[in-house]
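First the structure, in the form of structure tokens, and then the observations on it.
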Amino acid sequence: MVQRHSQDRLPDPNGFFGKYGGKFLPPQLEKPFAEIIDAYLQIENDAAFIAELRYIRKHFQGRPTPVYHARTLSQKNGGAQIYLKREDLNHTGAHKLNHCMGEGLLAKYMGKKRLIAETGAGQHGVALATAAAYFGLECEIHMGEVDIHKQAPNVSRMKLLGAKVVPVTHGLKTLKEAVDSAFDAYLADYENSIYCIGSVVGPHPFPMLVRDFQKVVGIEAREQFMEMTGDFPDAVCACVGGGSNAMGIFKPFINDPCRLIGVEPLGRGDQMGEHAASMTYGHEGIIHGFRCYLLQNDDGSPAPVYSCASGLDYPGVGPEHSYMHDTQRAEYVTCTDMECRDAFFRLTRLEGIIPALESSHAVAYALKLAREMSRGTILVNLSGRGDKDLDYVIENWGTGDDIEY
Ligand SMILES: *Cc1c(COP(=O)(O)O)cnc(C)c1O
């Protein structure tokens, strides 16, 4: 049996999960963040807030998403049975909308008019722009100029949804500069605006707040899985970028006799710059206002990272994951681009589900683990659909005809 974990009550009032997390902010941002903490602590138990969020999840997002027993995939693979929590069927095609709708609703309750965020690959920007359209709020997305060119379809989506996309033209013109730019914009107008982060990262209260909004995934999945099988899954498996889809499905299983396994991207290999496996190869550091496992240069600055899945290429990782790593409640493993490729094609051909490359990392590890286990069950968070990745796949990997299915 897994021990009962006191982790249920984390973070502490200062936003720490053990030594990770916290709130390392420039002094001018202390007050606006304190305001968000106060508002969230009041609203999280407010009956009207909860009722409205439930309504949105059911009627706008299409929740609950199903749990699906991937019978063919499991049978051809051998060993344990694989089940998928279908977040690819959530509105906009991924789990990110779960916390963006929560953040949008929080903004509405706080009387804010504008949502501000940065985006790298554009997935968070699109989900947040969707929330802004729903709530009738303004939306301002800061994005590096390099990323704007790389992610043209997502830039179009954001603009169609009514968001203002602010190009960031200094430094390397990617995510890091976009974060600074979004913080500056927020600081200049925090009376009217709220900053909305895209994962269980950033300064307190965001790792807690995003986790709480994503917990719906695990709460639903746990009930659905029990109803389907009459038992707990032996393992729950999810990919880890910042860690929001993983935390969302892990948290409700924390006191259950299940292994919790986070899968980090090993990209092209274990050389620095070729992967984004923060927990496996990083060590303690500070990024974007919080402490976590971090891939860093000798001077402590975030190291360059790479993954074929752009949603996973973040040098840090959520503070609660960092804590669960140290307390060994969760295991963190890796999967390479090529293992991801194999899983992507197998799930597509054998089940008729085209997964996001991020999610394919979790599927790849589940396939490996299932073969090691002679029996039992694995529940995978299929965090998103692969439509956004089709050009990349076809151009770099073909159509998967070389694989024996
Ligand atoms: C953004 C994204 C991820 C990674 O983010 P987490 O916060 O680690 O969940 C995973 N899957 C999909 C489909 C994404 O869009």
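The values are calculated or read from the model by the stated rules, or taken from the named source; none is laboratory data. Only a predicted model underlies this, so the values are computations on that prediction, with no experimental measurement involved. Every residue, glycine as well, gets a Cβ built from its backbone with ideal geometry; the counts of neighbours run over all protein chains shown.
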- Which ones in the range 357-367 are within 16 Å of the ligand (Cβ to nearest atom) and either in contact with a Pro (Cβ under 6 Å, 6 or more places away or on another chain) or not small (Gly, Ala, Ser) (or both)? Leu357, Glu358, His361, Val363, Tyr365
- Given (1) in contact with a strand residue (DSSP E or B) (Cβ under 8 Å, 6 or more places away or on another chain); (2) assigned to a helix (DSSP H, G or I); (3) hydrophobic (A, V, I, L, M, F, W, C), Ala117 misses just (2)
- Query: Tell me, which helices (runs of 4 or more DSSP H) lie completely within the range 145-255 with 1 or more residues that are at pLDDT 95 or above?
  - Reply: 152-160, 175-188, 206-229, 244-250
- Before we move on, is Ile141 among the hydrophobic types (A, V, I, L, M, F, W, C), within 16 Å of the ligand (Cβ to nearest atom) and either in a loop (DSSP other than H, G, I, E, B) or surrounded by 16 or more Cβ atoms within 10 Å (Cβ to Cβ) (or both)? yes
- Task: Take Ala221 and decide whether it is within 13 Å of the ligand (Cβ to nearest atom), buried (at least 21 other Cβ atoms within 10 Å of the Cβ) and small (Gly, Ala, Ser).
- Result: no
- Considering only the range 368-391, how many residues are modelled with pLDDT of 95 or more, among the hydroxyl-bearing types (Ser, Thr, Tyr) and either farther than 25 Å from Gly218 by Cα or within 16 Å of the ligand (Cβ to nearest atom) (or both)? 1
- Message: Here is a list: Gly120, Gly93, Gly79, Gly125. Which entry is at pLDDT below 95 and either crowded, with 17+ Cβ neighbours inside 10 Å or in the same structural domain as Gly230 (by TED's automatic domain parsing) (or both)?
- Response: Gly120
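For Thr65, state whether it is part of a helix (DSSP H, G or I), of a type outside the set (A, V, I, L, M) and either surrounded by 21 or more Cβ atoms within 10 Å (Cβ to Cβ) or within 16 Å of the ligand (Cβ to nearest atom) (or both).
no
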- Is there any pair with a first residue in the range 93-106 that is under 16 Å from Glu358 (Cα atoms) and of a type in the set (S, T, N, Q) and a second that is assigned to a strand (DSSP E or B) and near the ligand (Cβ under 9 Å from one of its atoms) whose Cβ atoms are under 6 Å apart and which are 6 or more apart or on different chains, and what are they? none
- Query: Which residues, counting only those in the range 262-295, are under 20 Å from Met338 (Cβ atoms) and aromatic (Phe, Trp, Tyr)?
  - Reply: Tyr281
- Task: Read through the list (1) in contact with a Lys or Arg (Cβ under 7 Å, 6 or more places away or on another chain); (2) more than 15 Å from Tyr186 (Cβ to Cβ); (3) more than 16 Å from the ligand (Cβ to nearest atom); (4) not assigned by TED's automatic domain parsing to the domain that holds Val363, then give the number of the only condition that Phe33 fails.
- Result: (2)
- Note on the structure: Going through the range 344-366 in order, the residues found to be aliphatic (A, V, I, L, M), in contact with a Leu (Cβ under 9 Å, 6 or more places away or on another chain) and crowded, with 24+ Cβ neighbours inside 10 Å are Leu347, Ala356, Leu357, Ala362, Val363, Ala366
- Matching residues in the range 184-200 - criterion: being surrounded by 21 or more Cβ atoms within 10 Å (Cβ to Cβ) and either among the hydrophobic types (A, V, I, L, M, F, W, C) or not assigned by TED's automatic domain parsing to the domain that holds Ala132 (or both): Ile194, Cys196, Ile197, Val200
- Message: List pairs: first residue in the range 228-255 and within 16 Å of the ligand (Cβ to nearest atom), second residue in a strand (DSSP E or B) and among the charged types (D, E, K, R) anywhere in the structure, Cβ distance under 8 angstrom, at least six positions apart or on different chains.
- Response: Val236/Arg259; Cys239/Glu264; Val240/Glu264; Ile249/Lys85
- Message: Take the residues in the range 294-309 that are surrounded by 23 or more Cβ atoms within 10 Å (Cβ to Cβ) and touching a residue at least 40 places away in the same chain (Cβ under 8 Å); name whichever of them is farthest from Leu390 (Cα to Cα).
- Response: Ser307
- Go through the range 303-351 residue by residue and tally those that are away from the ligand (no atom under 14 Å from the Cβ) and more than 26 Å from Ile254 (Cβ to Cβ). 15
